Structures are given as C-alpha cells and as structure tokens.
1. From A47, A18, grab the single residue that is touching a strand residue (DSSP E or B) at 6+ places or on another chain (Cβ under 6 Å), touching a residue at least 60 places away in the same chain (Cβ under 8 Å) and either more than 26 Å from S3 (Cα to Cα) or part of a strand (DSSP E or B) (or both).
2. Only one of these is in contact (Cβ under 8 Å) with a residue 60 or more places away in the chain, surrounded by 12 or more Cβ atoms within 10 Å (Cβ to Cβ) and among the β-branched types (V, I, T): T38, T81, T31. Name it.
3. Going through Y53, Y37 one at a time, which residue ends up being under 23 Å from S86 (Cβ atoms) and either out of contact with any Ser or Thr (no Cβ under 6 Å at 6 or more places or on another chain) or not polar (S, T, N, Q) (or both)?
4. Please enumerate the residues belonging to region 69-87 that are within 20 Å of K24 (Cβ to Cβ) and of a type in the set (A, V, I, L, M, F, W, C).
5. Taking into account only those residues within region 50-74 that are of a type in the set (K, R) and in a loop (DSSP other than H, G, I, E, B), which is least open to solvent (accessible area, probe 1.4 Å)?
6. Please tell me if G13 is in contact (Cβ under 8 Å) with a residue 12 or more places away in the chain, over 13 Å from the mean Cα position of the chain (by Cα) and on the phi > 0 side of the Ramachandran plot.
7. Of all residues in region 13-24, which are touching an Asp or Glu at 6+ places or on another chain (Cβ under 7 Å), open to solvent by 20 Å² or more (accessible area, probe 1.4 Å) and over 15 Å from T81 (Cα atoms)?
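The values are calculated or read from the model by the stated rules, or taken from the named source; none is laboratory data. As the structure is a computational prediction, the values presented were derived from the model and not from experiment. No Cβ is skipped: glycine too gets one built from the backbone with ideal geometry, and neighbour counts run over all protein chains shown. In case anyone asks, the SASA skips ligands and DNA or RNA and just uses the protein heavy atoms, side chains included. Shrake-Rupley method; radii C 1.70, N 1.55, O 1.52, S 1.80 Å.
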Amino acid sequence: MTSKPKTFSVHWGNGIIAEEAQVKTEHHIPTLQLLRYTDGALEGKVAVRFAQYSLRGRFGRGPLIMSADDVEKMRASLRETPELRSLLKTLVEGD
C-alpha cells in the first residue's frame, strides 16, 4: 500500500513534502524537508525547509537548533533522501 504524501501550504503556494530527513532527540525532532510546489507562484519548483517537531509530532514555529551529535545523525538520515541531500550539498559546496 502506498501512503499518501505529506502536504504543505504557505502564502505563495502549496505542494508535497517530496523527501524528509529526521532525527529524534531528547527534546524535539529536527527535520529537513524537500518541498515540491504543485500549485501557486512557485509551481514546479523545489525548496528546502529546516523545521522541527515536538516529540508529540506538533510542527514547531521556532528556529531549528541541532547539536553536533544531531548533525551527525542527520547526515545518516539524509542518505535516504538523494534529491534533498544533493540540494544541501550545493548549499555547502556550490556547483
């Protein structure tokens, strides 16, 4: 059975969360998401969202904070998200 993709909605468009890397920590769940716009001004484009969820699964509105240990765990989680990982690699290393 194929699960329904997660969706997102912002003022300038909406779409699906195409890829997601998460790590569970003692206090929250840092999350990196590849957003694929399916509607609105950015239809067809992708973006990266740096997010956090509470341990109960509630989306956090504050800044994403990760310890050095969490960064290492996130790197492992990103192995399952090739497109997101490639986009982040461009952020860090350039073309």
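1. A18
2. Checking each option against the conditions leaves just T81.
3. Working: Y53 fails: under 23 Å from S86 (Cβ atoms).
After ruling out the rest, the residue left standing is Y37.
4. V71, M74, A76, L78, L84, listed by residue number.
5. Step by step, filter region 50-74, then rank; the result is R58.
6. Values: in contact (Cβ under 8 Å) with a residue 12 or more places away in the chain: yes; over 13 Å from the mean Cα position of the chain (by Cα): yes; on the phi > 0 side of the Ramachandran plot: yes.
So G13 fits the description; yes.
7. N14
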